[in-house]
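**Student:** Quick one: the structure is below, questions incoming.
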Amino acid sequence: MKIAIIGDGGWGTALAVHLARKKLKVNLWGAFPDYVKKMERTRNNSKFLPGIVIPMSIKISNDLAVVLKDAKLIVLAVPSQYMRDVVKKINKFNTKNSIFLSVAKGLEYKSNKIMTEVIKEELKGSQVAVLSGPNIAYEVAQGVPSAAVCASVKKHTAVIVQDILTENSFRVYTSSDVKGVELAGAFKNIIAIACGISDGLGFGTNTKSALLTRGLAEITQLGSAMGAKHKTFSGLSGMGDIVTTCMSSRSRNRSLGEQLGQGRTLEGILKKTEMVVEGITTTKIALKLARRYEVNMPITQEVYNVLYKHKKPKAAMESLMQRRKKSEF
């Protein structure tokens, strides 16, 4: 079986390494020719997954025609803001018998659409699924026991992906709630930024636990209002992912929040990173959706205030603590 990974970021590279362990034929595509050549020569993704050896069996290329040829599974591991443009390029090739698997965790900014909707619009009639869960790329690449969920409107599509990806160190479950899995994976990045801000301010476990719990409650309310299943947010793509992203030192969203809490500016942080921090744009989108669906999201509002209104992180925390008293449920 041949598999194409579109996107040479940390997650795309980690999945390529994981699938190579299963002795599958894997092609990895990157957008920048010079960097692709460097990875091919060094067998290392120094920018996004340093220290992980890329097996020689993985073909790394900047040529979409080469990477996509005869691929049974096409994994779309590009940031959400680039998804539509990349899929449009893929549409030029014959991929009618392929399954497309999105592993991006974000929403399209202009349309507010989830990635599977974007893919279906550009690749009409294609088989589409999404993979999400509590997965730090570095740990998956190392073979640390991990789990994820694959969702598709067609059960057999999700089962095929499950069979391809499941291995002793990587357990994949299936779901039919595509919207829930995608929204949970995107919205949890907002809460990870909030938890990072808490870390940067020097607060403790009590604070982070409260943010994580109440954050999960508000993203669940928004997801449910948008038509997702409530229970999905208690699963791997919801609670599982939010715990990992809020706790891990390797989480780019939590790390961004931590630096904000320490007093650095958003502009200054972004100048020093080549990684896309999905939670920044997702915060703006989520707040717009919250107003549309009349869902109260105080943590998301305060993260937005810090990111876009230059509100001091400590003042944002104080605003959350001083809200009117209410029952938990």
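Nothing in this text is a laboratory measurement; each read-out follows from the coordinates by a stated rule. Quantities reported herein were computed from a predicted structural model and do not represent experimental measurements. Neighbour counts are summed over all protein chains in view; Cβ atoms, including those assigned to glycine, are modelled from backbone coordinates with ideal geometry.
**Student:** Would you give the gap between the C-alpha center of segment 54-131 and the C-alpha center of segment 257-296, rounded to a whole Å?
**Tutor:** 25 Å
**Student:** Taking a cut-off of 27 Å, what percent of all Cα-Cα pairs in segment 2-176 are separated by more than that?
**Tutor:** 18 percent
**Student:** Let me ask something else about it. Which of the listed residues, Val140, Ser248, Tyr82, is farthest toward the dipole's positive end in the chain, when Lys, Arg count +1 and Asp, Glu count -1 at the beta-carbon?
**Tutor:** Ranked along the dipole, the leading option is Tyr82.
**Student:** Something else now. Starting from the Cα of Lys110, draw a straight line to each of the lysines and keep only those under 19 Å, dropping any in the same chain fewer than 8 residues away.
**Tutor:** Reachable lysines: Lys88, Lys120, Lys179, Lys284, Lys288.
**Student:** How big is segment 272-329 by the Kirkwood estimate over distinct Cα pairs, in Å?
**Tutor:** 12.8 Å
**Student:** If I take the Cα coordinates of segment 168-323 and project them onto the principal axes, what are the three extents in Å, biggest first?
**Tutor:** If we take the Cα atoms of segment 168-323, the spans are 42, 41, 30 Å.
**Student:** How do Ser111, Ser237 line up, fewest other C-beta atoms within 10 Å first?
**Tutor:** Ordered by Cβ neighbours within 10 Å, fewest first: Ser111, Ser237.
**Student:** Counting only trypsin sites (Lys or Arg not before Pro) that are in a DSSP loop and have at most 10 other C-beta atoms within 10 Å, tell me the longest site-free stretch of the chain.
**Tutor:** Between exposed loop sites, the widest span is 125-271.
**Student:** With charges only on Cβ, +1 for K and R and -1 for D and E, what is the dipole size of segment 178-273 about its Cα centre, in debye, rounded to 20?
**Tutor:** The dipole of segment 178-273 has a size of about 140 debye.
**Student:** So which of Lys124/Lys208; Lys59/Lys229; Lys113/Lys231 end up more than 31 Å apart by C-alpha?
**Tutor:** Lys124/Lys208; Lys59/Lys229, as the Cα separations exceed 31 Å there.
**Student:** Please report Phe187, Phe48, Phe100 as a ranked list, fewest other C-beta atoms within 10 angstrom at the top and most at the bottom.
**Tutor:** Phe48, Phe100, Phe187
**Student:** 7 Å from Cα along Cα→Cβ at both Thr42 and Asn97: what's the point-to-point distance in nm?
**Tutor:** Going by the 7 Å Cα→Cβ label model, 3.8 nm.
**Student:** What FRET efficiency, computed as 1/(1 + (r/R0)^6) with R0 = 25 Å and r the Cβ-Cβ distance, is obtained for Gln81 and Ser176, rounded to the nearest 0.05?
**Tutor:** Numbers: r = 27 Å, r/R0 = 1.09.
Using R0 = 25 Å, I get an efficiency of 0.40.
**Student:** If you don't mind, another one. Under 15 Å from the Cα of Lys272, which aspartates and glutamates turn up, not counting those fewer than eight places away in the same chain?
**Tutor:** The qualifying aspartates and glutamates are Glu258.
**Student:** Within segment 47-73, whose backbone N sits under 12 Å from a point 7 Å along Cα→Cβ of Met275?
**Tutor:** 47-50
**Student:** Where does each of Thr95, Thr283 land when they are ranked from fewest to most other beta-carbon atoms within 10 angstrom?
**Tutor:** So the ranking, lowest neighbour count to highest, is Thr95, Thr283.
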